[in-house]
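K.L.:
I am attaching a structure below and will ask some questions about it afterwards.
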Amino acid sequence: MMALDGRVTDPNDVNKYNHREFTFLEDFSTRGIQRKIDSYFKFMFVRDPLDRLVSAYKNKFLRQNSTYFIEHYGKLIAKKYRKKSQKHYKGNDITLNEFFRHLSETAVEKMNEHWAPFNLLCQPCAMQYDFVGSFEDLVDDANTVLRHLNTTVRFPRQQSYYKSFDKKARNTLLAKVPYDVLKKVLQKYSLDYKLFSYQFPEDQLRESRIRNKQAKKRRHNGYAHERLRYS
């Protein structure tokens, strides 16, 4: 975007940038907004909901420089879901389970833009987008948009600080989220799965249900053993 805006020549020269310095649609008058909606090439990018949520969790709560999210969300989540005897809530040590519990109990309209459902955030049913790209095909789809804009700018190479998303690590984290919590969260993103042709993670939900049943069985057997021991 900076290259298209003429701020840099080569997008690969950009390290990190505060996107809030750009001009947004809401900065224009009502007439100006409508004129741009009618005449501009409109596109949006989506991502698999579960991948997006786990990525948001890791980026906003496990990084030491995510001060805003740690202060405004992390500490509140920790305070809500942990024992009152814990006096100090760092906010940068919340678990994925705690984050998902927060999501399961938060109305989608009140969610932060980094994890709110795309159907609410981008309003694809109200806005007639000319192109919908995906994070999974980011480079190809982004370059498709750039070619449509008749520019020589191409999507930049991956930054050195960026770590590729690991599906195995994602599943390891999700394995710690209880079935009922995961189910409630997925229900909130069900429309995103349908609208953007992502496969609903039935396997993930099934595995979670099995783990939940196994945990209940272990607790029941342990309780029965204790009763037998003291009878």
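Conditions (1) over 18 Å from Glu113 (Cα atoms); (2) within 18 Å of the chain's Cα centre (by Cα), marked per residue:
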| position | (1), (2) |
| --- | --- |
| Gln64 | yes, no |
| Tyr68 | no, yes |
| Lys75 | yes, no |
| Glu98 | yes, yes |
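K.L.:
Tell me yes or no: at least one residue of region 57-68 is of a type outside the set (Lys, Arg), closer than 30 Å to Ala126 by Cβ and assigned to a loop (DSSP other than H, G, I, E, B).
P.N.:
No, because not a single residue in region 57-68 is of a type outside the set (Lys, Arg), closer than 30 Å to Ala126 by Cβ and assigned to a loop (DSSP other than H, G, I, E, B).
K.L.:
Let me ask another. From the residues in region 93-111 that are in a loop (DSSP other than H, G, I, E, B) and among the aliphatic types (A, V, I, L, M), which one is modelled with the lowest pLDDT?
P.N.:
Ile94
K.L.:
Here is a further query. Using the structure shown, decide if Phe118 is modelled with pLDDT of 95 or more and within 24 Å of Phe69 (Cα to Cα).
P.N.:
yes
K.L.:
Pull out all pairs, ordered by first then second residue, where Cβ-Cβ is under 9 Å, the residues are six or more apart or on different chains, the first lies in region 37-51 and is more than 17 Å from Ser197 (Cα to Cα) and touching a residue at least 60 places away in the same chain (Cβ under 8 Å), and the second is surrounded by 12 or more Cβ atoms within 10 Å (Cβ to Cβ) and of a type in the set (Phe, Trp, Tyr).
P.N.:
Phe41/Phe131; Lys42/Tyr129; Lys42/Phe131
K.L.:
Sort out which residues of region 112-136 are in contact with a Leu (Cβ under 9 Å, 6 or more places away or on another chain), in a loop (DSSP other than H, G, I, E, B) and of a type in the set (A, V, I, L, M, F, W, C), and write them in order of number.
P.N.:
Trp115, Cys125
K.L.:
Right, something else. Are any of the residues in region 57-65 in contact with a helix residue (DSSP H, G or I) (Cβ under 9 Å, 6 or more places away or on another chain) and over 30 Å from Asp137 (Cβ atoms)?
P.N.:
yes
K.L.:
How many of the residues making up region 27-56 are surrounded by fewer than 12 Cβ atoms within 10 Å (Cβ to Cβ) and farther than 29 Å from Asp140 by Cα?
P.N.:
Selection size over region 27-56: 6.
K.L.:
Still on this structure: In region 144-167, which residue that is of a type in the set (Lys, Arg) and modelled with pLDDT of 85 or more is surrounded by the most Cβ atoms within 10 Å (Cβ to Cβ)?
P.N.:
Checked region 144-167; the qualifying residue surrounded by the most Cβ atoms within 10 Å (Cβ to Cβ) is Arg154.
K.L.:
In the set Lys79, Lys90, which member is over 30 Å from Tyr129 (Cβ atoms) and either modelled with pLDDT of 95 or more or in a helix (DSSP H, G or I) (or both)?
P.N.:
Answer to the selection: Lys79.
K.L.:
Given the options Phe135, Phe118, Phe131, Phe99, name the one that is loosely packed, with under 14 Cβ neighbours inside 10 Å, of a type in the set (Phe, Trp, Tyr) and in contact (Cβ under 8 Å) with a residue 40 or more places away in the chain.
P.N.:
Answer to the selection: Phe131.
The values are calculated or read from the model by the stated rules, or taken from the named source; none is laboratory data. In this text the structure is predicted, and so the values were computed from the model without any measurement. Note: ideal-geometry Cβ built from the backbone for every residue, glycine included; neighbour counts use all protein chains shown.
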